[in-house]
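Asker: I have a structure here, written as structure tokens, and I will follow up with some questions on it.
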Amino acid sequence: MAELVTLARPYAKAAFEVAVADSGLENWSNMLAVVAAVTEDDAVASMLSSPALASGQLAQSLIDVCDEELDNKGQNFVRLLAENKRLTLLPEISTLFEILKADREKSVDVEITTAFEISSDVSKQLAQALKTRLQREINLSTRVNQSLIGGAVIRAGDTVIDNSVRGKLYKLAELMNS
């Protein structure tokens, strides 16, 4: 897994730099999301791993499937990946691109999981508190997981704050067993 991310990172950075230079972050984000979703399809994935097709044929086939979703630069990017036999990295490239985009836009996706449904007022207060703490715009989503018993688990990027009753009980059990 780490190897794929390592291989994908330079391509994601290159796509990001082109997108920033063209003021097309959203366009590139959409293109990469579409082409990544297409490559994750089982039939397309088996086609991409086929040694019978040349890189040019693979690139053109992928471009044809994506149809009008790719502009000229997006098509050239797919061709470059095909030449370097890196088309299977597209899902990782898309994920890394989104991380770079969120960092540039100073935003973060936050998921709050609670044991019970929370009101929109509480959601707004949490979003404002997280915005102040993280110094970023917050894209908030909420989920209910009754197995938490009480409290909440907050996921913001790679930060996890577990303030659930289940999490506290688990930590207490670990302390008692050690």
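The values are calculated or read from the model by the stated rules, or taken from the named source; none is laboratory data. Not measured: the values here are computed from a predicted model. Virtual Cβ from ideal backbone geometry, glycine too; neighbours counted across all protein chains shown. When the accessible area is computed, the model is the full protein with side chains, heavy atoms only, and any ligands, DNA or RNA have been set aside. Shrake-Rupley method; radii C 1.70, N 1.55, O 1.52, S 1.80 Å.
Asker: Using just the alpha carbons, could you tell me how many Å³ per residue the convex hull of the chain encloses?
Answerer: Spread over its residues, the Cα hull of the chain gives 173 Å³ apiece.
Asker: With unit charges on the beta carbons (Lys and Arg positive, Asp and Glu negative) and the dipole taken about the Cα centre of the chain, which residue among Ala129, Ala8, Ile93 sits farthest to the positive side?
Answerer: Projecting each Cα onto the dipole axis, the largest value belongs to Ala129.
Asker: If I stretch the segment between Asp121 and Leu53 completely, what's the gain in nm (0.36 nm per residue apart, minus their alpha carbon distance), one decimal?
Answerer: Net length gain for the segment: 18.9 nm.
Asker: Charges at C-beta only: +1 for Lys and Arg, -1 for Asp and Glu. How large is the resulting dipole of region 1-90 about its Cα centre, in Debye rounded to 20?
Answerer: Result for region 1-90 is approximately 440 debye, rounded to the nearest 20.
Asker: Something else about it: Less than 15 Å from a label point 7 Å out along the Cα-to-Cβ axis of Thr159: which backbone N atoms in region 115-152 qualify, by residue?
Answerer: Taking a point 7 Å out along Cα→Cβ of Thr159, the residues of region 115-152 whose backbone N falls under 15 Å are 126-140.
Asker: Sticking with this one: Remind me, relative contact order of region 90-162 in percent, using alpha carbon pairs under 8 angstrom and six or more residues apart?
Answerer: 41 percent
Asker: Shape of region 95-144 from its Cα gyration tensor (a ≥ b ≥ c, root eigenvalues): rounded if a/c is under 1.5, otherwise prolate when a/b > b/c, or oblate?
Answerer: oblate
Asker: Which percent, to the nearest 5, of DSSP beta bridges fully inside region 1-158 are antiparallel?
Answerer: Antiparallel bridges: around 40 percent, rounded to the nearest 5.
Asker: Let me ask you something else. Leaving ligands, DNA and RNA out of it, rank Ser147, Ser107 by accessible area with a 1.4 Å probe, largest first.
Answerer: Ser147, Ser107
Asker: Sticking with this one: Distance in nm between label sites at Asn30 and Lys106, each 7 Å beyond Cα in the beta-carbon direction?
Answerer: My value for the distance between the label points is 2.6 nm.
Asker: What FRET efficiency comes out for the pair Asp67/Lys171, r = Cβ-Cβ distance, R0 = 35 Å, nearest 0.05?
Answerer: 0.10
Asker: Once you have a ≥ b ≥ c as the square roots of the Cα gyration tensor eigenvalues for region 86-178, tell me rounded if a/c is under 1.5, and otherwise prolate or oblate according to whether a/b is larger than b/c.
Answerer: Verdict is oblate for region 86-178.
Asker: Using a Gaussian network model of the chain with C-alpha springs under 10 Å, which one of Leu90, Leu32, Leu80 is most mobile by mean-square fluctuation?
Answerer: Leu80
Asker: How much length is gained if the chain between Ala43 and Leu4 is pulled fully straight, taking 0.36 nm per residue apart and subtracting their Cα-Cα distance, in nm to one decimal?
Answerer: Roughly 12.0 nm would be gained on extension.
Asker: Relative contact order, percent, of region 1-140 when contacts are C-alpha pairs under 8 Å separated by at least 6 residues?
Answerer: Result for region 1-140 is 30 percent.
Asker: For the chain: lysine pairs with Cα atoms under 22 Å, gap of 8 or more or different chains, count?
Answerer: Taking the Cα cut-off of 22 Å, the pair count is 9.
Asker: Wrap a convex hull around the Cα atoms of region 50-107, take a quarter of its surface area, and give that in square nanometres.
Answerer: Mean projected area for region 50-107: 4.5 nm², to one decimal.
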